[in-house]
1. Every residue in region 90-127 that is buried (at least 18 other Cβ atoms within 10 Å of the Cβ) and either within 17 Å of PRO29 (Cβ to Cβ) or not aliphatic (A, V, I, L, M) (or both), please.
2. Would you mention how many residues in region 294-322 are closer than 20 Å to ALA199 by Cα and of a type outside the set (Val, Ile, Thr)?
3. What are the residues in region 124-142 that are out of contact with any helix residue (DSSP H, G or I) (no Cβ under 9 Å at 6 or more places or on another chain) and in a loop (DSSP other than H, G, I, E, B), if any?
4. Restricting attention to region 180-217, which residues are out of contact with any strand residue (DSSP E or B) (no Cβ under 8 Å at 6 or more places or on another chain) and either under 21 Å from PRO55 (Cα atoms) or of a type in the set (A, V, I, L, M) (or both)?
5. Starting from residues that are part of a helix (DSSP H, G or I) and in contact with a helix residue (DSSP H, G or I) (Cβ under 7 Å, 6 or more places away or on another chain), keep the ones in region 283-303 and report whichever is farthest from THR346 (Cα to Cα).
6. Answer yes if at least one residue in region 38-47 is surrounded by fewer than 14 Cβ atoms within 10 Å (Cβ to Cβ) and either at pLDDT below 95 or in a strand (DSSP E or B) (or both), and no otherwise.
7. Test THR314 against the criterion of being crowded, with 20+ Cβ neighbours inside 10 Å, out of contact with any strand residue (DSSP E or B) (no Cβ under 9 Å at 6 or more places or on another chain) and either charged (D, E, K, R) or on the phi < 0 side of the Ramachandran plot (or both), and give yes or no.
8. Checking the structure you have, find out if any residue of region 56-78 is in a loop (DSSP other than H, G, I, E, B), surrounded by 14 or more Cβ atoms within 10 Å (Cβ to Cβ), at pLDDT below 95 and hydrophobic (A, V, I, L, M, F, W, C).
Amino acid sequence: TLPAAAAPTPSPQASPTPSPTLAAELPRPQYTLAASLDYDQHLLSVQETITYTHPAQEALPDLLLVVEPLNYAGVFTLQALTWEDGQPVAGIAWEGSRGRIPLPIPLAQGQSVTLHVAYTLNLPNPATFPPGTRPVPFGYSERQTNLVDWYPYLAAYVPGVGWLAHPPSYYGEHQVYEASDFSVSLQVVSARPGLVVAASAPAEENGAERRYSLTGARAFAFSVSDQYQVFTQEVAGVVVTSYALPLHAAAGQRALEVTVAALALYSELWGSYPFHSLSVVEADFLDGMEYSGLYFLSNGFYNLYAGSSADYLTAIAAHETAHQWWYGMVGSDQALEPWLDEALCTYSERIYYENEAPEALDWWWEARVRYYQPSGWVDTTIYNPEGSSTPYTSYRDAAYLNGALFLEELRTLIGDEAFFTFLKAYAAQSNLHIVPASQFFGILKTFTSQDLSPLLIKYFKGFN
């Protein structure tokens with residue numbers, strides 16, 4: 001979700017197969033963040049510590065630091081970047097929002113390195129961006145402040161290949177997140193009374209400070225507003241909270257109900273939801289977006305909600321909830337293989353409807369999928385590899401909608417028992433990893449003796 005101007009187009013290539021094993025046994029990347037938000041001045045000050053343990057057998061000569069706020073002019077100010085011993089980090093080679101940091105001594109397998117980063121963010125107002133800029137979750141509006149991708153982080157490392165990081169595109173998500181552990185504190189200063197903070201984890205309050213802990217997560221996000229109406233329900237030990245903007249109480253309650261039902265359903269089908277809370281935030285921008293333990297749902301869906309399951313508020317709430325599995329638990333290369341999470345989340349909408357609102361399932365097929373007459377290779381990237389004159393709709397139709405049609409045909413071909421057993425095994429075997437399509441297909445083939453070739457040739461360019 002970044003401006004298109006920052007996006008060169010790399011040559012698409014298949015995602016590498018991760019090395020199995022040791023990465024799961026070593027400590028995950030650790031992020032400790034102490035943040036202070038001046039809500040009225042739209043200013044965030046942060047002290048950050050990153051501790052990284054190298055998972056691969058080959059020695060590591062450098063680190064690749066990703067600083068997403070650098071994609072916005074005048075937002076990020078670096079105050080200090082030092083090693084654990086306080087020595088300044090030198091020799092950084094910057095390319096866009098990515099900085100390559102040479103290590104004084106190459107890091108061997110199992111060895112750790114620590115960085116300290118001090119910086120400020122002068123948060124942007126996306127309403128001031130040029131016409132045609134895609135909706136942006138990061139920054140502030142008159143009604144909310146959203147802190148997403150707000151901290152520097154280390155790119156995902158693939159043994160045998162190296163750091164995995166991509167430039168942004170006008171559409172789709174370009175980032176690849178390693179599962180990491182977060183310890184976060186936040187203080188908010190404002191003259192406005194009644195500020196409410198939605199976050200990726202529940203808060204422990206200590207005076208003016210809120211403390212959060214989240215382990216095995218892809219990202220940590222906040223949303224802050226003095227206008228939220230809050231609705232809460234617990235399901236299977238998970239506290240689900242819906243944050244809705246004014247005049248949208250009914251839609252906020254509906255978003256809560258759908259999320260609760262979807263979370264319970266998906267936990268049964270694919271494995272337990274891994275966190276203690278899930279926040280559903282009405283977005284003051286026309287897009288939905290997923291983060292660990294929190295997702296945004298476009299205010300456009302709240303505006304149009306009319307009390308029926310046959311609407312996009314229900315469909316996209318089910319979709320974004322599914323991202324807690326397909327993105328959160330099972331990571332993938334969102335830039336080069338976006339279908340691995342988006343097709344599965346779109347098809348999860350279908351699974352939600354057949355179980356929770358079967359009376360609206362036909363509406364879903366017609367309004368959400370068939371209306372668009374989707375086509376295109378499911379294994380497209382976010383960089384318009386086919387040179388379409390309507391790149392966003394071509395990408396959506398291929399990765400999301402044609403991806404859902406592929407999964408429907410796959411389910412019909414191998415049968416419900418094999419289909420759902422496969423997805424549960426895929427989630428379990430891939431949990432907290434970054435997996436390529438080859439792993440999806442490799443696990444799939446262990447659950448069916450059907451010849452999949454005609455189906456794969458029909459939907460995937462890589463099989464032609």
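The values are calculated or read from the model by the stated rules, or taken from the named source; none is laboratory data. Nothing here was measured: the structure is a model prediction, and the numbers come from that model. Because the Cβ atoms are built from the backbone with ideal geometry, glycine has one as well, and the counts that use them run over all protein chains shown. For accessibility, only protein heavy atoms count, side chains too; no ligands or nucleic acids. Shrake-Rupley method; radii C 1.70, N 1.55, O 1.52, S 1.80 Å.
1. At the first step, the residues of region 90-127 found to be buried (at least 18 other Cβ atoms within 10 Å of the Cβ) are 97-99, 101, 107, 113, 115, 117, 119, 121, 123-124, 126.
SER97, ARG98, GLY99, ILE101, LEU107, VAL113, LEU115, VAL117, TYR119, PRO124, PRO126, listed by residue number.
2. 11
3. Selection gives ASN125, PHE129, PRO131.
4. Listed by number, the list holds a single entry, ALA191.
5. From region 283-303, those part of a helix (DSSP H, G or I) are 299-303; that's our starting set.
Still in the running and in contact with a helix residue (DSSP H, G or I) (Cβ under 7 Å, 6 or more places away or on another chain): 301-302.
Working: PHE301: 16, TYR302: 19 Å.
By that ranking, first place goes to TYR302.
6. No, every residue in region 38-47 fails to be surrounded by fewer than 14 Cβ atoms within 10 Å (Cβ to Cβ) and either at pLDDT below 95 or in a strand (DSSP E or B) (or both).
7. Values: crowded, with 20+ Cβ neighbours inside 10 Å: yes; out of contact with any strand residue (DSSP E or B) (no Cβ under 9 Å at 6 or more places or on another chain): yes; either charged (D, E, K, R) or on the phi < 0 side of the Ramachandran plot (or both): yes.
Criteria met by THR314.
8. yes
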